[in-house]
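The values are calculated or read from the model by the stated rules, or taken from the named source; none is laboratory data. Predicted model only: the values in this text are computed from it and were never measured. Cβ sites come from the backbone with ideal geometry, for glycine too, and all protein chains shown count toward neighbours. In case anyone asks, the SASA skips ligands and DNA or RNA and just uses the protein heavy atoms, side chains included. Shrake-Rupley method; radii C 1.70, N 1.55, O 1.52, S 1.80 Å.
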Number of protein chains: 2
Amino acid sequence: MNPKTKILKKLRETKGFVSGQSLCEELEVSRTAVWKNINQLKEEGYEIESVTNRGYHLNRIPDVLTKEELESIMLTDKLARNIVYREVVGSTNNEAKKYVEQHPAANGQESWDGTLFIAEQQNEGKGRRGRNWISPKGSGIWMSLLLKPDINPANASMLTLVSAMAIARGIQKTVAEKSLQEESQDTDRDHAHSVEDEMQIGIKWPNDIVVNGRKVCGILTEMGSEMDYINYVVVGMGINVNTEDFPQEVKEIATSLRLETGEHIKRSELVAEIMFYYEAYYRKFLKTEDLSLLIDEYNELLINAGREVRVIEQDTETVGIAGGIDKEGCLLVKCGEQTRKIRSGEVSVRGLYGYV
Amino acid sequence: MNPKTKILKKLRETKGFVSGQSLCEELEVSRTAVWKNINQLKEEGYEIESVTNRGYHLNRIPDVLTKEELESIMLTDKLARNIVYREVVGSTNNEAKKYVEQHPAANGQESWDGTLFIAEQQNEGKGRRGRNWISPKGSGIWMSLLLKPDINPANASMLTLVSAMAIARGIQKTVAEKSLQEESQDTDRDHAHSVEDEMQIGIKWPNDIVVNGRKVCGILTEMGSEMDYINYVVVGMGINVNTEDFPQEVKEIATSLRLETGEHIKRSELVAEIMFYYEAYYRKFLKTEDLSLLIDEYNELLINAGREVRVIEQDTETVGIAGGIDKEGCLLVKCGEQTRKIRSGEVSVRGLYGYV
């Protein structure tokens, strides 16, 4: 952590005022360095009150995604401890892949395992199969997690389900906290609980994050591998957080957290929540190299469960009732007497009426 | 095909002399162009006889791997119709990957599917998991086939078995032809048949090509993929063809075709044979996305079949009798009453005594 991160973290964690003196001593930096970093933070939008003889107090945190902002609230042990932030990139997935090339393993150890790449804006954001992903400045989270799982490449596709779980839980948590804050602020109003109750946040199999029936997130997982060995996995995540409007053609299926909650969400907090869950789920996944330890929690998040779905193959369409997933991430669909095991990528699943 | 390739092909395919006139007319090039290209070919080592009023005759073909040499004998329909030859490269796999980046798909169509990258020498030849692969000038075949199979990435590991089959068959065919040539040249000597009979050319599961119990080829298959979509597959093949000596530490397990047959093998002919089989096997593989149409032929090539093998897992070692593979490329090993299904990458298989 650089001094700026340390100062920010300290300010964040302290309820009252932090004296300049204690910052100098604890962080072992000069008075000038403290003053310089505080000023930089102010310029970035942090509202920092300074009172003679009392010190500094953080009044307001801006909605930024800088390295320092993220590092100062990250709750993880291994993931996203190294953060590469750039204001504008082509795509964070490409940044991550370039990073791998530029940082070859030393002593068989990859220095980059767990690194998070994040940007305010992507100019060439990528969706699956070379499609575009619109990533305007400031309104979303455009990030890529770079991993080196020591697993069989054939099992890597399950990582996308792990990612979906982490994002869905991260959003649930952040939205719930938001409503709790609202509740405590507006005790006379009674809408806080209802916001949370009304909202349906879950996963449409295999990896779409859906809020109130519309998609808020896309995941593009790319892998470089040998036949039985993974060189790297890049999990690209694009989350529509504070987007206020969508082009007409995607309005039907896309939405943002802002549009669904009516609230502005602080993106760094959401990133921290997602990474927290990611680490927990990822650890469980690595333990068995499948989803056996995660099935139940995934199925709780699965909004298709118990619903009628259309299974769309190349020429045929079958209607059935979706169950949950199995430990390999396949969706079990009951078609009459028969239970079909649907592998992602082979077929597509849609609700009978509409997207979900 | 450029004029040089066309001239070479014509010379190759004609038993007697080819007149300069007919070359000009058939290939629609000027007399000067014919003359220039013939001279270039001579400089590259082709022995071309030219006789006034009769024309040109190809007496001897050098052991080169140039684009023109390979194109003039390639027997395939789709694979290796585009050849990228460079005398010296870092590694042909990296050349192929760079090529993908520099040639994005146009209209959803990859121009590079099937391209073969080949070099006389690799300065940074790569083995599996970042190991080195020694690739000195002239003595071997260092090549990479770039493919874009429209299959599930989870099934791509079977491609390595497909590659092994093509290489093993290509070597068998080339060595057999060599002995036939010998036979017809030396009818009074009786060693020709015996060369072929004595040689055991086959596959050690999953993908080592073994001649007389020693390895002659390494395969490094790399893939760039999304979770259910392959961006590219690069199949790197390194074949010890005319190597005359190996460092002491690998002599026990490595050999070359030259050392085993006593003959110098023309590498371009071997490449053409391998690509011919590759195309046939690859087509069968794509049809079912597994090895069902190839099991029998693979098992014929499998030298482990019926032999005692040690199955080496992380901590344990089991002895069993190897059967053949199943349609997913797993090795079936009989351990007592039980038949175990060994997935490549999870465990390693060794003979009871020695490498095979």
Mean shadow area (nm²) of the C-alpha convex hull around segment A:247-356 is 9.3
Candidate span helices, chain B: DSSP H, at least 24 Å along axis from Cα coords, Kyte-Doolittle average at least 0.0, result B:158-185
The alpha-carbon pair-distance distribution computed for the protein assembly as shown, with 10 angstrom bins and whole-percent values, is 3, 12, 19, 21, 16, 12, 9, 5, 2, 1, 0
Asked for the total accessible area buried by A and B (1.4 Å probe, Å², nearest 100), one would answer 2000
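Calculate, for A:Leu180 and A:Ser22, the FRET efficiency according to 1/(1 + (r/R0)^6) with r their C-beta to C-beta distance and R0 30 Å; round to the nearest 0.05.
On the way: r = 31 Å, r/R0 = 1.03.
So the FRET efficiency works out to roughly 0.45.
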When the charge dipole of the protein assembly as shown is computed with +1 at the Cβ of Lys and Arg and -1 at the Cβ of Asp and Glu, the Cα pointing farthest to the positive end, of A:Val210, A:Met199, B:Leu75, is that of B:Leu75
Karplus ³J(HN,Hα) for segment B:236-243 (6.51 cos²θ - 1.76 cosθ + 1.60, θ = phi - 60°; Hz, whole; x = Gly/Pro) runs x, 10, x, 10, 7, 9, 10, 4
In whole angstrom, the spacing between the Cα centers of segment B:54-111 and segment A:230-272 equals 45
If labels are modelled 7 Å from Cα along the Cβ direction, B:Thr52 lies from its partners in the other copies at nm distances, smallest first, of 11.2
Note: A:124-132 gets an average of partner chain Cβ contacts (10 Å, Cβ to Cβ) equal to 2
Treating every alpha carbon of segment A:11-82 as one equal point scatterer without solvent, the Debye formula yields log10 I(q)/I(0) values at q = 0.21 Å⁻¹ of -1.01
Inter-copy distances for B:Asn39, label 7 Å out on the Cα-Cβ vector, sorted ascending, nm, one decimal, are 7.3
The answer for GluC sites (Glu not before Pro) in segment A:106-174 that fall in a DSSP coil and have at most 10 neighbouring Cβ atoms within 10 Å is none
In order over segment B:117-129: 3J(HN,Hα) from phi, Karplus 6.51/-1.76/1.60, θ = phi - 60°, whole Hz, x for each Gly or Pro, gives 9, 9, 9, 6, 8, 10, 8, 10, x, 10, x, 5, 6
Sorted by chain and then number, the residues having a modelled amide H within less than 5 Å of the amide H of B:Asp290, at least 5 places away or on another chain, are none
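From the cross-link list A:Lys97/B:Lys215; B:Lys148/B:Lys284; B:Lys126/B:Lys327; A:Lys9/A:Lys266; A:Lys137/A:Lys215; B:Lys126/B:Lys148, which pairs have alpha carbons spaced over 23 Å apart?
Working: A:Lys97/B:Lys215 34 Å; B:Lys148/B:Lys284 15 Å; B:Lys126/B:Lys327 29 Å; A:Lys9/A:Lys266 16 Å; A:Lys137/A:Lys215 19 Å; B:Lys126/B:Lys148 21 Å.
Among A:Lys97/B:Lys215; B:Lys148/B:Lys284; B:Lys126/B:Lys327; A:Lys9/A:Lys266; A:Lys137/A:Lys215; B:Lys126/B:Lys148, the Cα-Cα distance tops 23 Å for A:Lys97/B:Lys215; B:Lys126/B:Lys327.
When the helices in chain B are scored as -39500 (n - 2.57) per DSSP H run of 4 or longer and the sum is shared across all residues, what 222 nm value do you end up with, to the nearest 500 deg cm²/dmol? If you can, show how the numbers build up before the last one.
Values: 11 runs with 123 residues, N = 356.
Per the formula, -10500 deg cm²/dmol.
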Using alpha carbon centers only, segment A:13-43 is separated from segment B:11-53 by a whole-angstrom value of 82
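Summarise the accessible area of segment B:67-298 (1.4 Å probe, protein heavy atoms) by the percent that is carbon and sulfur. Walk me through the numbers before you get to the answer.
Details: 4310 of 9650 Å².
Within segment B:67-298, the accessible surface is 45 percent carbon and sulfur.
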Unit-weight point scatterers at every alpha-carbon of segment A:305-349, Debye formula, q = 0.29 1/Å: log10 I(q)/I(0) is -1.13
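So which trypsin sites (Lys or Arg not before Pro) in segment A:104-135 are both in a DSSP loop and have at most 16 other Cβ atoms within 10 Å of their Cβ?
On the way: sites: A:Lys126, A:Arg128, A:Arg129, A:Arg131; in loops: A:Arg131.
For trypsin sites (Lys or Arg not before Pro) across segment A:104-135 that sit outside H, G, I, E and B with at most 16 neighbouring Cβ atoms in 10 Å, the list reads A:Arg131.
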If unit charges are put on Cβ atoms (+1 for Lys and Arg, -1 for Asp and Glu) and the dipole of the protein assembly as shown is taken about its Cα centre, the option from B:Ser225, B:Ile312, B:Gly90 lying farthest towards the positive end turns out to be B:Gly90
Sorted by chain and number, the residues with a modelled amide H under 5 Å from that of A:Trp205, at a separation of 5 or more or across chains, are A:Ile303, A:Asn304
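Dividing the alpha-carbon radius of gyration of segment B:67-298 by 2.2 N^0.38 Å (N being the number of residues), what value is obtained?
Values: Rg = 17.6 Å, N = 232, 2.2 N^0.38 = 17.4 Å.
Cα Rg divided by the expected 2.2 N^0.38 Å: 1.01.
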Burial-style ranking of A:313-319, B:23-29, B:80-86, average other-beta-carbon count within 10 Å with highest first, yields B:80-86, B:23-29, A:313-319
